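Below you'll find the structure, written out as structure tokens, and then a few comments.
The values are calculated or read from the model by the stated rules, or taken from the named source; none is laboratory data. Computed from a prediction, not measured in an experiment: that's the story for all the values here. Glycine also receives a Cβ, built like all others from the backbone with ideal geometry; neighbour counts cover every protein chain displayed. Ligands, DNA and RNA are stripped out before the accessible areas are found, and what is left, the full protein with its side chains, is counted by its heavy atoms. Shrake-Rupley method; radii C 1.70, N 1.55, O 1.52, S 1.80 Å.
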Amino acid sequence: AQVLTAGVQSSLSDPRLFISYEPSTLEAPQQAPVLTNLTREELLAQIQRNIRHEVLEGNVGYLRVDDLPGQEVLSELGEFLVSHVWRQLMGTSSLVLDLRHCSGGHFSGIPYVISYLHPGNTVMHVDTVYDRPSNTTTEIWTLPEVLGERYSADKDVVVLTSGHTGGVAEDIAYILKQMRRAIVVGERTEGGALDLQKLRIGQSNFFLTVPVSRSLGPLGGGGQTWEGSGVLPCVGTPAEQALEKALAILTLRRALPGVVLRLQEALQDYYTLVDRVPGLLHHLASMDYSAVVSEEDLVTKLNAGLQAVSEDPRLLVRATGPRDSSSRPETGPNESPAATPEVPTEEDARRALVDSVFQVSVLPGNVGYLRFDRFADAAVLETL
């Protein structure tokens, strides 16, 4: 089994193919129980085990999905999920969708997840799935209508992934990333398949695990897909730190509108090239901030945009932490940008102050040399 597995995986470059030897298995392995054969109470218990939610600090919604049920189950329990899960998350300011532990599910459930995060005025073709046993393809579209409300397109969504995120969960993460609807944070996903089946090889005790359906490229990605290679996160971080990282990103993104507004006000009130201000204000208002996930991203994007529009390399934005000694305190319109240093009364201290500002010497050839690296305040110069 090991030799065969190594052979097919290396020959086909497909780690999803796996051959096992199981002499104790008398019959063909059973597929996972069909959820629709369960009673409503059993379905509810299963759903509650696999889908959990809460509202975190900062009014961040958190939805953890460990197994995605299919269309039939979601249709049956849709009202329960909307009333007991989704409605509690609708009032949040942003959403974290945790797929780190989701390694299975049915692809017919994909439209339900995507549709609640997609604006309702359009339907979108998000994927096409090919099924080998039936030799059929199925197109996946967002739903024209949903129970309850959709999550506002103005609110940020972060998807958490791990190396165990597989199959349907990978497709959801990939689609939301390609739609630019979510920031994916965590680890590269498993690179699995939408449907893996375990088949007995003839009458032997060998079994072949093989993908029997595949995504043909979410959102018409030119045949590119996540299968085999996995979904690459927008922000890579160990899975156990992904939630903490996501919350930090959402905190930054919550502050974005205020930062942009203060920047617009500063340009309007202080920038000396007045004729360029309207263009700069328009540029700030129309910029796409969807890819900003760190202060460094924001500073780079702002500087590139503002300097290009103003044609002024002096226009510079930088981020400074609270302990950054190089940052200057904020000042009001009537204050001097730098506080006037207090002039000491002692003679020695005054000499030290002068020496710290001015360097004076006579060079060879009787050339006087005077160096000062900053202009002292007029009041200081008068006193000295």
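Compute the angle between helix 168-178 and the longest alpha-carbon principal axis of the chain, please, reported from 0 to 90 degrees and rounded to the nearest 10.
Tilt relative to the chain: about 40 degrees.
Please work out how many pairs of lysine residues in the chain are eight or more positions apart (or on different chains) and have Cα atoms closer than 26 angstrom.
Counting lysine pairs in the chain gives 6.
Please compute the length gained on full extension between residue 12 and residue 366, using 0.36 nm multiplied by the number of residues separating them and subtracting their Cα-Cα distance.
The span from residue 12 to residue 366 would gain 119.2 nm if fully extended.
Only bridges with both residues in the range 135-219 count here: give the DSSP antiparallel percent, nearest 5.
Around 60 percent of the beta bridges assigned by DSSP in the range 135-219 are antiparallel ones.
Among bridges DSSP assigns within the chain, what percent are antiparallel (round to 5)?
65 percent
For the chain, with a Gaussian network of springs between Cα atoms less than 10 Å apart, report the residue from 153, 173, 308 with the top mean-square fluctuation.
Checking each option, the largest mean-square fluctuation is seen for 308.
Is the range 250-310 best put as rounded, prolate or oblate by its Cα gyration tensor, with a ≥ b ≥ c the root eigenvalues, rounded for a/c under 1.5, and otherwise prolate when a/b is larger than b/c, oblate when not?
Prolate is the answer for the range 250-310, as a/c is 1.5 or above and a/b outweighs b/c.
For the chain, what does the accessible surface come to per residue with a 1.4 Å probe? Please give it in Å².
Counting only protein heavy atoms, the per-residue value for the chain is 59 Å².
To test your reading of the geometry: what angle, between 0 and 90 degrees and rounded to tens, separates the Cα axis of helix 71-81 from the longest principal axis of the chain?
So the helix axis and the longest Cα principal axis differ by about 50 degrees.
What distance in nm separates the two pseudo spin-label positions at residue 164 and residue 384, each 7 Å out from Cα along the beta-carbon direction?
The answer from the label model is 6.6 nm.
Using only the heavy atoms of the protein chains and a 1.4 Å probe, how would 310, 24, 103 rank by accessible area, largest first?
24, 103, 310
At what distance in nm do the modelled label points of residue 216 and residue 59 sit from each other, each positioned 7 Å from its Cα along Cα→Cβ?
Taking the simple label geometry, residue 216 and residue 59 are separated by 4.4 nm.
Using 0.36 nm per residue of separation minus the Cα-Cα distance, give me the extension gain between residue 289 and residue 84 in nm, one decimal.
70.5 nm
Between (1) 32, 28, 19; (2) 60, 26, 19; (3) 39, 24, 20, which matches semi-axes √(5λ) of the Cα gyration tensor in Å calculated for the structure shown?
Of the labelled values, this structure produces (2).
What is the gain in length, in nm to one decimal, between residue 136 and residue 271 on full extension, counting 0.36 nm per residue of separation less the C-alpha to C-alpha distance?
That pair, residue 136 and residue 271, stretches by 42.3 nm at full extension.
Percent antiparallel among DSSP beta bridges with both residues in the range 95-242, to the nearest 5?
The antiparallel fraction comes to roughly 60 percent.
Roughly what angle does helix 277-286 make with the longest principal axis of the chain, taking Cα atoms, 0 to 90 degrees, to the nearest 10?
With both axes taken from Cα atoms, the answer is about 20 degrees.
Extending each Cα 7 Å along its Cβ direction at residue 224 and residue 200, get the distance between those two points in nm, one decimal.
4.4 nm
Per the 1.4 Å probe, what fraction of the accessible area of the chain, in percent, lies on carbon and sulfur atoms?
The computed percentage sits at 53.
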